[in-house]
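Here the structure is laid out as structure tokens; the discussion comes afterwards.
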Amino acid sequence: MASRRLIGAVDWDDALVSYETGEWLPGALEWLRIQLGRGDQIIIHSCKANWPEGLAYLHSRLEEAGVLHPRLSIWHQEGKPYADYYLDDRVVLASGDWEEVSDQITAVRMRKAQSGSIAHLLPSGKDSA
């Protein structure tokens, strides 16, 4: 039985390439090729595409990597594209289990605190948790 073709919206920075270095993340190009080979449509969803220079940059990076494909597009419209799934490095899954959602957000808060970016937002004492 053939599987249904899916539409995936994929973030650029820190989902496919490193935000800091601009290098492709390990396995990202292979993953793109596999998804496209399965017949899926992939939509690159990035704020970079909101201006002509950014859109050209994304297109050139995809072309250089050899992954331009008729089913690969760059979203450059307002709003969020429709997709069957969204791949993003900052996702918190809305599962309907709000305790699980809170746990996911706590994990994000801890990662950020460890990197020093929001340490000032964490409760300082035991009683403030």
The answer for residue 13, listing residues at least 5 apart or on another chain whose modeled amide H is closer than 5 Å to its amide H, is none
Length released on extending from residue 91 to residue 50, taking residue separation times 0.36 nm less the Cα-Cα span: 12.7 nm
Divide by every residue of the chain the summed helix terms, -39500 (n - 2.57) for each DSSP H run of at least 4, and state the resulting mean residue ellipticity at 222 nm, rounded to the nearest 500 deg cm²/dmol. -10000 deg cm²/dmol
First obtain the Kirkwood hydrodynamic radius of the chain from its Cα pairs, then insert it into the Stokes-Einstein equation at 10 °C and 1.306 mPa s, and state the resulting D in µm² per second as a whole number. 94 µm²/s
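No value in this document is a laboratory result; all are computed from the given coordinates. Computed from a predicted structure; not experimentally measured.
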